[in-house]
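So the structure is just underneath, and the comments pick up after that.
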């Protein structure tokens with residue numbers, strides 16, 4: 001499988017597949033979402049089922065008129081009904097990916113998490129995976145969870161790591177290098193997540209996550225900078241070469257992620273994991289390019305076909 005090292009390479013690989021995923025977009029009524037639809041159609045990476053409320057139908061109608069072969073429009077009375085309809089399209093197999101447009105995230109997630117008619121399997125764990133392309137790192141850096149789970153339990157850590165390494169493998173990382181992030185290398189009951197890290201490493205050694213290298217606790221710099229590991233006398237396949245950073249809580253992950261986008265020049269792609277189909281829930285502050293790369297990521301990792 002091709003190793004994807006950049007978002008440009010990701011889009012090119014998606015184009016070479018020749019399989020245009022069907023994307024149900026909820027309320028595509030903002031300029032960035034329109035940009036994503038138009039660019040995806042132009043570059044041949046997706047087809048769209050635009051689900052809009054009646055009060056904001058014009059952008060969807062305009063997109064349909066410009067590309068009748070690549071766009072279908074579904075009209076509902078309210079944004080909340082649009083979310084329910086889009087989820088139903090995915091459940092019915094008429095769409096492969098779900099994407100948020102201009103709708104409150106809570107309204108969309110209410111439909112996604114509906115126990116009878118949503119996209120999260122019974123007992124499933126919803127999580128958020130961020131992928132970053134950094135000018136100073138030679139490959140894509142995966143980070144989790146930066147947006148959904150406040151403080152993961154051991155069971156949630158296990159589900160998150162399992163989902164994340166699966167995405168890594170879909171992007172060609174055969175043996176993901178997983179860093180369990182903390183402020184130091186010490187395990188202490190003062191920081192319960194470090195005790196969970198010990199259990200996770202035991203799981204990894206027993207093959208729970210397939211072929212992986214996993215180490216920690218370690219700080220993010222040690223995980224991504226070999227010199228830092230050398231100074232500390234640390235020797236591990238993960239040190240200085242991490243593919244996936246697993247954060248102890250949402251505060252640490254979110255601060256790291258947003259700091260790198262603001263100060264580190266990171267391009268980003270994000271998606272939800274744990275659902276039966278990929279779900280793209282961009283932030284309102286995300287750029288049009290970030291939303292496009294997020295959709296490309298979701299379309300690429302979608303199982304089956306291509």
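The values are calculated or read from the model by the stated rules, or taken from the named source; none is laboratory data. Note that the structure is a prediction, hence the values are computed from the model and not measured. Cβ placement follows ideal geometry from the backbone for every residue including glycine, while neighbour counts extend to all protein chains displayed.
Of note:
- The single condition among (1) outside the structural domain of residue 152 (by TED's automatic domain parsing); (2) crowded, with 16+ Cβ neighbours inside 10 Å; (3) within 30 Å of residue 121 (Cβ to Cβ) that residue 256 does not satisfy is (1).
- Residues considered: 298, 285, 259. Of these, the only one that is closer than 15 Å to residue 99 by Cα and either out of contact with any helix residue (DSSP H, G or I) (no Cβ under 6 Å at 6 or more places or on another chain) or not in a helix (DSSP H, G or I) (or both) is 298.
- Among the candidates 233, 264, 174, the residue that is without any contact (Cβ under 8 Å) to a residue 60 or more places away in the chain and farther than 15 Å from residue 154 by Cα is uniquely 233.
- Conditions (1) within 24 Å of residue 155 (Cβ to Cβ); (2) touching a helix residue (DSSP H, G or I) at 6+ places or on another chain (Cβ under 7 Å); (3) not assigned by TED's automatic domain parsing to the domain that holds residue 153: number failed by residue 280: (1)
- Qualifying residue in the range 68-80 (condition: within 25 Å of residue 147 (Cα to Cα), without any contact (Cβ under 8 Å) to a residue 40 or more places away in the chain and outside any strand (DSSP E or B)): yes
- Odd one out for residue 241 among (1) within 21 Å of the chain's Cα centre (by Cα); (2) under 19 Å from residue 127 (Cβ atoms); (3) in the same structural domain as residue 136 (by TED's automatic domain parsing): (2)
- Positions within the range 106-138 being exposed (fewer than 14 other Cβ atoms within 10 Å of the Cβ) and more than 29 Å from residue 9 (Cα to Cα), in sequence order: 106, 115, 116, 117, 121, 122, 123
- Residue in the range 44-54 that is at pLDDT below 95, in a helix (DSSP H, G or I) and in contact with a strand residue (DSSP E or B) (Cβ under 6 Å, 6 or more places away or on another chain) present: yes
- Any chance residue 147 is assigned by TED's automatic domain parsing to the domain that holds residue 195, in contact (Cβ under 8 Å) with a residue 12 or more places away in the chain and either surrounded by 14 or more Cβ atoms within 10 Å (Cβ to Cβ) or part of a helix (DSSP H, G or I) (or both): yes
- Residue 272 outside the structural domain of residue 148 (by TED's automatic domain parsing) and either buried (at least 19 other Cβ atoms within 10 Å of the Cβ) or in a helix (DSSP H, G or I) (or both): yes
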